Amino acid sequence: MLLEELRKSVLEANLELVRRGLVLYTFGNASGVDRKQGLVVIKPSGVDYDELRPEHMVVTDLNGKIVEGTLRPSSDLDTHTLLYREFADIGAVVHTHSEYATSFAQAGMAIPALGTTHADYFYGSVPVTEELTDKAIGGRYVHETGLAIVNRFKGIDPLAVPACLVAGHAPFVWGKTPHDAAHNAVVLEAVARMAYRTLTLQADCKGVSQALLDRHYFRKHGASATYGQSC
Ligand SMILES: O=C(CO)[C@@H](O)[C@H](O)COP(=O)(O)O
């Protein structure tokens, strides 16, 4: 069996997605690449995570041609292999349907860098791709998904921002190793949740009206009180 150690770390990354609640049932997937051999190890398609074993992983070349494996590779294989071909320094890719990051993707919104937690991992907003055209959806949807990510990253260092939201779909995340990619996916969901709550708090906080401010403040402090505003 080829790449036993990489199979184990890809399996572990897939299981981490479940442990952290980033995927339901068979949603999502993880893969890793052995750059020396030009081989990719990826989760098989539609297999229950509870049943996954290292020997179930599928090994392909960088163009997605199966080299070893009896199960069907993940339906996102084309996206994973395209990212490996285009982002030469990454070692693993993870795709999840985690709730808050997916909500931003469905809203077609980038995740803004609103705090230091975000800035520790992502150098700026986590971008969102263009919506896939009907032609793309009618064509090679998965390949077009990969192209949409690569096109969105023109001028962005994928190591500085190790994630992208696919508009109308969900996030793809990457890293140096399968463990690193899964870790980044967990943090992505956390910063998406924090960004959503921050924006909601700001949006919901309309602030007190001037009339109420005057009524309450001057009732307590007397009409003579001034603080730079006319009563
Ligand atoms: O995003 C999707 C489907 O919309 C896929 O990622 C599935 O969630 C997982 O597919 P397999 O990896 O099991 O083929």
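The values are calculated or read from the model by the stated rules, or taken from the named source; none is laboratory data. Just so we're clear, the structure is a prediction, and the values are computed from it rather than from any experiment. Heads up, the Cβs are rebuilt from the backbone with ideal geometry, glycines too, and the neighbour counts pull from every protein chain shown. The area values use the complete protein model at the heavy-atom level, side chains included, leaving out ligands, DNA and RNA. Shrake-Rupley method; radii C 1.70, N 1.55, O 1.52, S 1.80 Å.
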Original post:
Would you call residue 135 within 17 Å of residue 87 (Cβ to Cβ) and open to solvent by 30 Å² or more (accessible area, probe 1.4 Å)?
Top reply: no
Original post:
So which pairs qualify, if the first residue must be in the range 159-177 and at negative phi, the second must be of a type in the set (A, V, I, L, M, F, W, C) and in a loop (DSSP other than H, G, I, E, B), the Cβ gap must be under 6 Å, and the two must be at least 6 apart or on different chains?
Top reply: 161/122; 174/90
Subject >> Residue within the range 194-207 that is in contact with a Leu (Cβ under 7 Å, 6 or more places away or on another chain) and crowded, with 18+ Cβ neighbours inside 10 Å present >> reply: yes
**OP:** Go through the range 164-188 and give me each residue that's open to solvent by 10 Å² or more (accessible area, probe 1.4 Å) and either in contact with a Phe, Trp or Tyr (Cβ under 6 Å, 6 or more places away or on another chain) or assigned to a strand (DSSP E or B) (or both).
**Re:** 187
Original post:
Of the residues 156, 137, 149, which is more than 27 Å from residue 12 (Cα to Cα) and in a helix (DSSP H, G or I)?
Top reply: 137
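Residue-by-condition table, conditions (1) surrounded by fewer than 18 Cβ atoms within 10 Å (Cβ to Cβ); (2) farther than 19 Å from residue 76 by Cβ; (3) among the hydrophobic types (A, V, I, L, M, F, W, C):
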site	(1), (2), (3)
124	yes, yes, no
127	yes, no, no
146	no, no, no
157	yes, yes, no
**OP:** Kindly list the number of the only condition in (1) away from the ligand (no atom under 13 Å from the Cβ); (2) at pLDDT 95 or above that fails for residue 30.
**Re:** (1)
Original post:
Do we find that residue 21 is farther than 25 Å from residue 140 by Cβ and away from the ligand (no atom under 11 Å from the Cβ) in this structure?
Top reply: yes
**OP:** May I ask you to verify whether residue 100 is near the ligand (Cβ under 10 Å from one of its atoms), open to solvent by 20 Å² or more (accessible area, probe 1.4 Å) and under 24 Å from residue 168 (Cβ atoms)?
**Re:** no
**OP:** Within the range 63-74, track down each residue that is under 20 Å from residue 173 (Cα atoms) and surrounded by 15 or more Cβ atoms within 10 Å (Cβ to Cβ).
**Re:** 64, 73, 74
